[in-house]
Amino acid sequence: PSRMKIAEDRVGDVTILRLSGRFELEEGDLIFRDRVNTLVAAGRVKIVLDFKNVSRIDSAGIGMLVSKYLTARKRGGTIKLLNLTRHSDHLIDITRLDTVFEIFDDEGAAVKSFDGAPS
């Protein structure tokens, strides 16, 4: 199984985390948790998650996504989702998380959507 990897890009005060591999229990979700906690602690609370190269996500991954969304919200930021794959899109749908997360297919639009949000 391919371990989750996270590459980080920054566009102004927005952080884009490019996830790849498996976003699953113990493996991917802990790597993700630690990265988001580090960002939020540093005040980088405008986060876009790029799912284009995520091969699998399970309920633990979904749970961690929600948990870290709440972490960012508590600090005045938010997490938005980009490039959901058919698999992750289906899971987001059935868990009704499309009512929680803003979801984008276009990176520029995702980054721009933070404009005017208090930093």
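The values are calculated or read from the model by the stated rules, or taken from the named source; none is laboratory data. Note that the coordinates shown come from a computational prediction; the quantities given were computed from them, not determined experimentally. Heads up, the Cβs are rebuilt from the backbone with ideal geometry, glycines too, and the neighbour counts pull from every protein chain shown. To get the accessible areas, we keep the full protein, side chains included, count just its heavy atoms, and leave off ligands, DNA and RNA. Shrake-Rupley method; radii C 1.70, N 1.55, O 1.52, S 1.80 Å.
Tabulated data for the structure shown
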{"item": "Positions within the stretch 67-96 being within 13 Å of the chain's Cα centre (by Cα), of a type in the set (A, V, I, L, M) and closer than 19 Å to residue 52 by Cα, in sequence order", "result": "79, 81, 82, 84, 92"}
{"item": "Residue match in the stretch 61-69 (condition: crowded, with 19+ Cβ neighbours inside 10 Å, among the aliphatic types (A, V, I, L, M), more than 21 Å from residue 115 (Cα to Cα) and modelled with pLDDT of 90 or more)", "result": "yes"}
{"item": "Given (1) more than 15 Å from residue 6 (Cα to Cα); (2) open to solvent by 30 Å² or more (accessible area, probe 1.4 Å), number of the condition residue 53 does not satisfy", "result": "(1)"}
{"item": "Some residue of the stretch 15-30 being surrounded by fewer than 18 Cβ atoms within 10 Å (Cβ to Cβ), within 28 Å of residue 115 (Cα to Cα) and not charged (D, E, K, R)", "result": "no"}
